[in-house]
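Written below as structure tokens is the structure these notes are about.
The values are calculated or read from the model by the stated rules, or taken from the named source; none is laboratory data. Quantities reported herein were computed from a predicted structural model and do not represent experimental measurements. Note that each Cβ is placed from the backbone with ideal geometry, even for glycine, and that neighbours are counted across all protein chains shown.
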Amino acid sequence: MRARVPTALAASLVLALAAGPLAGPAFAAPAPASAHDTSVHDTSGPDADALRAAIAGLPDADATAALIRVGGDGTWRGTAGVRDVRTGAPALANGRFRAGSVTKVVTAAIVLQLAAQGRIDLDGTVQRYLPGLLTADFKPITVRELLNFTSGLRSGASLGDTVEEGYPHRFETLTPRQVVAASVAKGPAYDPGTRQDYDNIHYTVLGMLIEKVTGDSYAHQAAVRIFRPLGMRDSSFPVGADPRIHGPHNRGYDWIDGELTDVTDWNMSDRKAAGDLISTTADLEKLLVGLFRGRVVPEPQLKEMFTLPDVPGARYAAGLERFELNGRVIWGKTGSRPGYATVIAATRDLSRTLVYSVDSTDAKGDGQATAERFAYPAFNR
């Protein structure tokens with residue numbers, strides 16, 4: 001884990017930029033934030049003052065932009081920071097970004113749709129659907145155990161465990177099959193269904209399962225089953241190893257060796273069904289609301305997304321994580337890719353929803369500081 005750069009105001013950021021590889025037109029003050037809310041005087045709605053304070057002062061050393069949407073009983077929208085630190089242009093409220101592990105919600109929804117159609121049995125095994133993928137060292141692993149992270153598979157291959165390690169390899173390609181092969185070579189970590197360990201590997205295998213069962217690409221299945229029905233027009237997956245974010249977007253940055261570095265362009269194809277989604281806050285809000293209202297996954301399969309497995313310390317269901325904050329139970333998913341930290345979260349009854357994308361300069365850190373600053377205010381009353 002790299003050492004954190006101390007939080008600073010925009011002036012400190014300008015000094016860092018002037019000394020680093022991004023030196024260019026500097027901005028002397030934070031870009032103006034914009035906010036819109038319909039519940040400023042409604043104490044049952046979101047805390048608009050706390051939300052405005054959360055985005056005040058951007059860009060700073062911890063984030064260059066923030067896009068926030070709060071809904072449910074009262075709404076609030078906020079945008080702050082810059083699109084590009086070279087020019088200081090204001091952040092785009094509709095900018096696209098890498099949603100990271102929020103992708104797993106899409107993957108889980110596709111698998112559960114296929115289960116509802118009778119094309120996948122959640123108690124069916126990887127050995128049945130993907131013969132030859134696992135060795136004889138592995139006990140039967142069910143689809144449900146992949147969904148809730150209890151499969152016993154170990155982490156797969158990677159091009160770097162940190163942003164610093166991965167950056168020199170950002171345009172290289174590591175296929176999902178190579179990722180899984182490296183996992184299988186390590187052997188099982190534990191008997192399936194006995195522990196929960198969050199890892200991309202479970203959903204990498206689920207992406208392969210989707211393609212095998214449907215005879216179609218994972219990306220096309222996501223488009224026809226999720227994006228198009230919900231009107232998610234700005235959501236997509238990169239084609240092959242394409243490292244770019246196409247369409248309007250805010251640049252992502254990370255501190256590497258003490259210098260603020262543009263990490264926007266990055267080949268994430270090894271993540272695929274586990275973390276390769278590109279989207280917008282408006283689209284992810286459609287996903288969140290549509291999912292919770294049963295318009296994406298029918299009952300009883302939807303229950304899988306709100307049911308924790310019976311193992312010690314379980315926090316994850318099928319694609320969603322359970323949180324408790326201020327006495328509320330919240331279901332959601334976090335996601336991070338270099339330069340971008342994303343959250344979708346809501347109460348089960350949708351009385352409060354949150355979607356944000358923060359251009360965090362430590363997006364692959366533990367995420368606690370980002371959550372406390374941008375997520376907690378949405379649920380503090």
Of the conditions (1) touching a residue at least 24 places away in the same chain (Cβ under 8 Å); (2) more than 30 Å from ASN94 (Cβ to Cβ); (3) among the acidic types (Asp, Glu), GLU165 clears all except one; give me its number. (1)
Yes/no for ARG154 being in contact with a helix residue (DSSP H, G or I) (Cβ under 9 Å, 6 or more places away or on another chain), surrounded by fewer than 19 Cβ atoms within 10 Å (Cβ to Cβ), within 17 Å of LEU206 (Cα to Cα) and modelled with pLDDT of 95 or more: yes
In the stretch 285-311, which residue that is more than 26 Å from LEU92 (Cα to Cα), of a type in the set (Asp, Glu) and modelled with pLDDT of 95 or more is surrounded by the fewest Cβ atoms within 10 Å (Cβ to Cβ)? ASP310
Looking at PRO309 and the list (1) more than 28 Å from VAL163 (Cβ to Cβ); (2) touching a helix residue (DSSP H, G or I) at 6+ places or on another chain (Cβ under 7 Å); (3) in contact (Cβ under 8 Å) with a residue 24 or more places away in the chain, which single condition is not satisfied? (2)
Contact list please: Cβ distance under 6 Å, first residue in the stretch 235-248 and free of Cβ contacts under 8 Å to residues at least 60 places away in the same chain and among the hydrophobic types (A, V, I, L, M, F, W, C), second residue surrounded by 13 or more Cβ atoms within 10 Å (Cβ to Cβ) and assigned to a loop (DSSP other than H, G, I, E, B), pairs at least six apart or on different chains. PHE237/ASP276
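Here's the yes/no breakdown for (1) touching a Gly at 6+ places or on another chain (Cβ under 9 Å); (2) crowded, with 19+ Cβ neighbours inside 10 Å; (3) in a helix (DSSP H, G or I):
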{"position": "GLY332", "(1), (2), (3)": "no, yes, no"}
{"position": "GLY335", "(1), (2), (3)": "yes, yes, no"}
{"position": "VAL343", "(1), (2), (3)": "yes, yes, no"}
{"position": "THR353", "(1), (2), (3)": "yes, yes, no"}
{"position": "ASP359", "(1), (2), (3)": "yes, yes, no"}
{"position": "GLU372", "(1), (2), (3)": "no, no, yes"}
{"position": "TYR376", "(1), (2), (3)": "no, no, yes"}
{"position": "ARG381", "(1), (2), (3)": "yes, no, no"}
Quick check on the stretch 87-110: of everything there that is in a strand (DSSP E or B) and more than 17 Å from the chain's Cα centre (by Cα), which residue is farthest from SER151 (Cα to Cα)? ALA89
State yes or no: is ALA282 part of a helix (DSSP H, G or I), in contact (Cβ under 8 Å) with a residue 12 or more places away in the chain, surrounded by fewer than 23 Cβ atoms within 10 Å (Cβ to Cβ) and among the hydrophobic types (A, V, I, L, M, F, W, C)? yes
Would you mind stating whether ARG233 is exposed (fewer than 14 other Cβ atoms within 10 Å of the Cβ), basic (Lys, Arg), closer than 22 Å to SER279 by Cβ and at pLDDT 95 or above? yes
Among the residues of the stretch 66-86, is any touching a residue at least 40 places away in the same chain (Cβ under 8 Å), buried (at least 18 other Cβ atoms within 10 Å of the Cβ) and in a loop (DSSP other than H, G, I, E, B)? yes
Collect the residues in the stretch 111-143 that are outside any loop (DSSP other than H, G, I, E, B) and out of contact with any Gly (no Cβ under 8 Å at 6 or more places or on another chain), keeping them in residue-number order. VAL111, LEU112, GLN113, LEU114, ALA115, ALA116, THR125, VAL126, GLN127, ARG128, TYR129
Here are some residues: ASP191, ASP197, ASP216. Which one is part of a loop (DSSP other than H, G, I, E, B), among the charged types (D, E, K, R) and within 16 Å of LYS104 (Cα to Cα)? ASP197
If you go through the stretch 336-381, how many residues are farther than 27 Å from TYR167 by Cβ, modelled with pLDDT of 95 or more and of a type in the set (S, T, N, Q)? 3
